[in-house]
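Working notes, structure below.
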Amino acid sequence: MLEITPNTIAFLVFALLSVGGALGVVVSTNLIHGALFLIVSLFGGAGLFVLLAAPFMAAVQILVYIGAIAILIIFAVMLTRSMTSLSEIFNRQWWISAIVAVVMLGLLLVGAILPVWGPSGTNAMLPVSDAVGTTVDLGIALVDGNQFVLPFEVASLLLTAAMIGAIVIARDNE
Amino acid sequence: MEAVCENIFSTLAPCLTSSGWDPSLAQFVSILLGVLLITTFPLLLALLLIWAERKVAARVQDRLGPNRVGPFGLLQNIADALKLITKEDITPAGADRIVYNMAPVIAVLSVILIWAVVPFTSTNIGADLDIGVLYFVAISSIGTLAIMMAGWSSNNKYALLGSFRVVAQLVSYEVPMVLALLVPVMIAGTMSMQGLAVHQLGMWFIFTAPVSAIIFYVSNLAETGRAPFDLIEAESELVAGYNIEYSGMKFGLFMVNEFIHAFTANALFTVLFLGAWAGPFATEVPILGFVYFMVKTALLYVPSLILRATVPRVRIDQMMAFNWKFLVPVSVVNVLVIALALKIAQGLGLTPENATDFVSNIPQTIVLLIANLVVVVFALTLVRGSVRKERLMTSGKRAEPAAGDAEQKALAATVAGH
């Protein structure tokens, strides 16, 4: 059913990185290792974006998630030395996240995998969409009045507000 | 068959196929060889770069530099590399072994990967990505990670302090660098490195956007940890910085990373502002383009070496203040003004129809140069304001009663200025 092409191999490698990294995040007792595993997982995700012909998303994934957010997490963990050797890997809320994870998996199975590989899954070979988006298309979509300009601006405003809020909180009271 | 195999650099796969290879295998082999070539090139270059750096530094300090091994001491680095390999490999007690060993590898990787998008000639480029510039920014952010890993896993307080300092520096200076990168991208309308190079056949971006070029150069000096921003290895304060515990070839890898990074930064400056391989007959004879590219990069690289050997190190607070209070505001204003000027040029119909033609580029260049002048005026006012503030503060400290007087004088000066 599955033929072995370079693409398949690459997919398997990236999938392994992403799932293995995610597992590492959950089970490691050293928070720094957890953060590094998170980076591995995010890198796998970036590779999957490349395979999906979305290089822009891949670069942004590396730049924003690995280059900024993961480094911020490591920074925070480094400044709290006692967090590097935790005695247990679960806290009291583990069952909430377990439920969320199972529901998400179920939704993905029903929503994405069943239509392709399910009983009526004859369209396994069909691409999801014919439209091949380039970076230029993405840029235009973000500022086009008929497309996503409103969500884009709202998100920008939200980020600006969050930044100003952070500055106000961090400022000395003078 | 002969015609296909003539230019083996660009057409290895069809050449192999025509001699009876399986097409997909030929494709794979040709890509593999290309990857090998591009990754080996900077590593071999590093040997020469270290030699050049030591020679230049020696000349500045009135010494001879390496001159014993080989002609002009050229083989000195091979001897040094052999020495590094034979040295004892020490892992400190309490170090995080896996992270400790991975850090130097990731450090070198973060620099070598950049070479994938460097256009050597009009036809030879590792991968002409749509998002070349973004790829460069993304990959260089991984370098920060490597330094963080090295500093933390060494289990040494100086290494950890050093890596904190490095990360603060790298993350801060990334902001003006990315903003300066935006300007060539805006003018060319593409993020592909080859696209940028082709767009500069008519007019190099250093003439259309000199302010961004300067910002890019300065923030790149900081990104590569070169003097005057070499706080990364401030021996007097941090012993050695994030790589203090490393020995042997692992230490060597960090050094190689530093040397290649400095050269890579200049290579990128060449691509973004000096037209990469552009020069006479570069499109007809691609190999000439490679020569132009290397010559331009070397011409940029040598001044940066002299700079490194001559200027003193700035203090950490000065460095941060310079970035956040000067470079970042100037680069933000630069992007805004250039964007506006580009739109004005478009509105007046001054955008060159054919970007590769020198003459048709002139009107737009003049508009953009005026815009650059506006940015320079803004930068000068910024400097003036901060200098005056400093002067008021020092005079206030010196004599408390005189402070009011100085303020009065400053007020009078402002009124007179208006």
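The values are calculated or read from the model by the stated rules, or taken from the named source; none is laboratory data. Only a predicted model underlies this, so the values are computations on that prediction, with no experimental measurement involved. No Cβ is skipped: glycine too gets one built from the backbone with ideal geometry, and neighbour counts run over all protein chains shown. SASA here: full protein model, heavy atoms, side chains in, ligands and nucleic acids out. Shrake-Rupley method; radii C 1.70, N 1.55, O 1.52, S 1.80 Å.
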Under the classification rounded if a/c is under 1.5, otherwise prolate if a/b is larger than b/c and oblate if not, where does region B:264-315 fall, given a ≥ b ≥ c as square roots of the Cα gyration tensor eigenvalues?
-> prolate
Using alpha-carbon coordinates alone, the radius of gyration and Dmax of chain B in Å work out to 24.6, 92
Kyte-Doolittle mean at least 0.5 and Cα axial length at least 27 Å: DSSP H helices in chain B | B:23-60, B:132-153, B:157-188, B:248-273, B:286-310, B:328-347, B:358-398
With eigenvalues of the C-alpha gyration tensor scaled by 5 and rooted, region B:57-152, Å | 30, 26, 13
Which of B:Ala222, A:Tyr65, B:Ser331 sits farthest toward the positive end of the charge dipole of the protein assembly as shown, with +1 on the Cβ of Lys and Arg and -1 on the Cβ of Asp and Glu?
-> B:Ala222
State to the nearest 20 debye the size of the charge dipole of the protein assembly as shown about its Cα centre, where the only charges are +1 on K and R beta carbons and -1 on D and E beta carbons.
-> 1760
Using a Förster distance of 41 angstrom, determine the FRET efficiency expected from the C-beta separation of B:Asp128 and B:Val105, and round it to 0.05.
-> 0.95
Ranked from the most accessible area to the least, with a 1.4 Å probe and all protein chains present, what is the order of B:Asp96, B:Asp22?
-> B:Asp22, B:Asp96
GNM result for chain B, Cα springs below 10 Å: residue of B:Leu64, B:Leu47, B:Leu288 fluctuating most strongly | B:Leu64
Whole-Hz ³J(HN,Hα) from phi, Karplus 6.51 cos²θ - 1.76 cosθ + 1.60, for region A:26-40, glycine and proline x = 6, 9, 6, 8, 9, 5, 5, 4, x, 5, 5, 4, 4, 5, 4
So what's the protein assembly as shown giving for Rg/Rh, alpha carbon basis, Kirkwood Rh from the mean inverse pair distance?
-> 0.98
Under Stokes-Einstein, with the Kirkwood radius over Cα pairs standing in for Rh, what whole-number D in µm²/s applies to region B:145-206 at 20 °C and 1.002 mPa s?
-> 152
Given 12 as the ceiling on other Cβ atoms within 10 Å, longest exposed-site-free region of chain B for GluC sites (Glu not before Pro) in DSSP loops = B:89-283
1.4 Å probe accessible area per residue over the protein assembly as shown, in Å² | 56
Where the convex hull is taken over the Cα atoms of region B:1-83, what is its projected area averaged over directions, in nm²?
-> 8.0
Accessible-area composition of the protein assembly as shown, carbon plus sulfur, in percent [1.4 Å probe] = 72
Kindly compute the accessible surface that chains A and B hide from a 1.4 Å probe when together, both sides summed, and give it to the nearest 100 Å².
-> 1900
Along Cα→Cβ, 7 Å out, is where each label goes; now give me the distance between the ones at A:Ala10 and B:Phe358 in nm to one decimal.
-> 4.2
For region B:239-282, average projected area of the Cα convex hull in nm² | 4.5
Hull shadow area, averaged, region B:175-334 [alpha-carbon convex hull, nm²] = 10.7
Taking +1 at the Cβ of each Lys and Arg and -1 at the Cβ of each Asp and Glu, which of B:Ser247, B:Thr351, B:Leu369 sits farthest along the dipole of the protein assembly as shown towards its positive end, judged by Cα position relative to the Cα centre?
-> B:Ser247
Net charge near B:Ala309 (other residues with Cβ under 12 Å of its Cβ; Lys, Arg +1; Asp, Glu -1) is +3
Near the amide H of B:Val314, under 5 Å away, which other amide H atoms are found, from residues 5 or more places off or on another chain, if H is placed in the peptide plane?
-> B:Asp230
Any idea what Rg and Dmax come out to for region B:215-303 if you just take the C-alpha atoms, in Å?
-> 16.5, 54
So what is the calculated 222 nm ellipticity per residue for chain B, using -39500 (n - 2.57) for each DSSP H run with n of 4 or more, over all residues, to the nearest 500 deg cm²/dmol?
-> -23500 deg cm²/dmol
Mind pulling the per residue volume of the convex hull built on the Cα atoms of region B:96-176? Å³ is fine.
-> 89
Peptide B:134-142 - average C-beta neighbours from other chains (10 Å radius) = 6
With point charges of +1 on the Cβ of Lys and Arg and -1 on the Cβ of Asp and Glu, referenced to the Cα centre of region B:1-83, which listed residue (B:Leu74, B:Ser18, B:Leu32) lies farthest in the positive direction of the dipole?
-> B:Leu74
Spin-label zone in region A:17-35 - amide nitrogen under 14 Å from a point set 7 Å from the Cα of A:Ala112 along the C-beta vector | A:18-19
Hey, in the GNM for chain B with a 10 angstrom Cα cutoff, which one of B:Thr283, B:Thr17, B:Thr39 fluctuates hardest?
-> B:Thr17
Expressed as a rounded percentage, what relative contact order does chain B have, with Cα pairs under 8 Å and six or more residues apart?
-> 18
Rounding to the nearest 20 debye, state how big the charge dipole of chain B is about its Cα centre with +1 on each Lys and Arg Cβ and -1 on each Asp and Glu Cβ.
-> 1380
